[in-house]
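Laboratory data are not the source of any read-out in this text; all were calculated from the coordinates shown. On a predicted model such as this, the values are computed, not experimentally measured, just so you know. Positions of Cβ are generated from backbone atoms using ideal geometry, with glycine treated the same way; all protein chains shown enter the neighbour counts.
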């Protein structure tokens, strides 16, 4: 196959990003999670599109909801468990989920299978967005010098 | 499989939309094109996510570019031809393309195969967006009562 030129893109040529912006002990809990930032690779700025691979035990994020960001996921391969206030639902390849901004229903995906799961995640980018974590002792605080992870009583992590 | 509850969604349960907002003779040129509005079905408002099925000869749109809308497509099944100023590039399942807002490079997808092609298309929603069509005698005009399709010399279609 000829090498693609932008605006076309082969996701296999996009570098893998591991790790997360959470403070410990939350960061480690994400497990085997790899993202390829496809939207960024195409020069998009209004929304992000990531191709995410979750190994067995991996998770998309802490269960969370956003104030100003719509999010959407579409499963491409394998199977993930979607956890929300509605309970747990298995999403196989070809199924999807969408989380409207401001809806106070924490969500995340967990790979409870023994095989890799792959999905696309999309979210709009907008200043002033915040995320909340109903199950975990984490919130984002901002002292004017930048956002940081804090306990829910206000003490800074790390 | 148990029926999914929002925020989870089975695209197969989302109604099919045919046709386009173009005036004739452009509307008919889209051929066999069916969209399922997945983002809308999940209550998203900041961006749209459509699952699009193109039959043989079908096309995504007239070749166009947007002033304020980022767009992204990811091919799920079959094969489409991406046409841009860079020429023609074949995109098979697992490949993608992204079009930054304001980049004056008209793009569209054409299904030149004998089989169905399926892809996801994503675009942010923003007031004041406009689209331009380098290959066709079509522009959008607005007289204050709403936008309408016009010839490039200003005469209204239809």
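With the cut-off at under 18 Å, measuring from each backbone N in segment B:38-64 to a point 7 Å along the Cα-to-Cβ line of residue B:79 picks out B:54-60. For chain A, a Gaussian network of Cα nodes joined below 10 Å ranks A:146, A:102, A:114 by mean-square fluctuation, and the top entry is A:146.
In segment A:85-126, whose amide N lies under 17 Å from the spot 7 Å out along Cα-to-Cβ of residue A:45? List them in ranges. Residues A:124-126 qualify, since their backbone N sits under 17 Å from the label point.
The stretch between residue B:104 and residue B:135, if pulled fully straight at 0.36 nm per residue, gains 9.9 nm over its current Cα-Cα span.
Considering only alpha-carbon pairs that sit under 8 angstrom and 6 or more positions apart, the relative contact order computed for chain B is 23 percent.
Legend: ranking of residues B:103, B:5 from fewest to most surrounding C-beta atoms inside 10 Å; resulting order B:5, B:103.
Looking at the protein assembly as shown, the pairs of alpha carbons with a distance over 27 Å make up 46% of the total.
Using only the C-alpha atoms, the convex hull of segment B:1-85 corresponds to 133 Å³ per residue. Per-residue ellipticity at 222 nm, computed for chain A from helices alone with -39500 (n - 2.57) per DSSP H run of at least four residues, works out to -500 deg cm²/dmol.
Taking chain B as a Gaussian network, where each spring joins two C-alpha atoms under 10 Å apart, which residue of B:25, B:56, B:11 fluctuates the most? Taking springs between Cα atoms under 10 Å, the residue moving most is B:25. Note on segment A:48-82 and segment A:85-158: Cα centroid distance 9 Å, given to the nearest whole angstrom. Projecting 7 Å from Cα along the Cα-to-Cβ direction, the label point of residue B:92 sits 2.5 nm from its equivalents in the other copies, listed shortest first.
As a footprinting exposure proxy, order B:95, B:68 by other Cβ within 10 Å, with the fewest listed first.
On the way: B:95 22, B:68 15.
Exposure proxy ranking, most exposed first: B:68, B:95.
Gain in length, residue B:3 to residue B:15, computed as 0.36 nm per residue apart minus the alpha-carbon separation, to one decimal in nm? Mind showing how you got there, number by number?
Values: separation 12, 0.36 × 12 = 4.32 nm, distance 1.61 nm.
So the chain would gain 2.7 nm between residue B:3 and residue B:15.
When the square roots of the Cα gyration tensor eigenvalues are ordered a ≥ b ≥ c, the ratio a/c for segment A:1-49 is 1.5 or more and a/b does not exceed b/c, which makes its shape oblate. In segment A:33-145 the Cα-Cα distances spread across 5 Å bins starting at 0 as 2, 12, 20, 23, 21, 14, 5, 1, 1 percent of all pairs.
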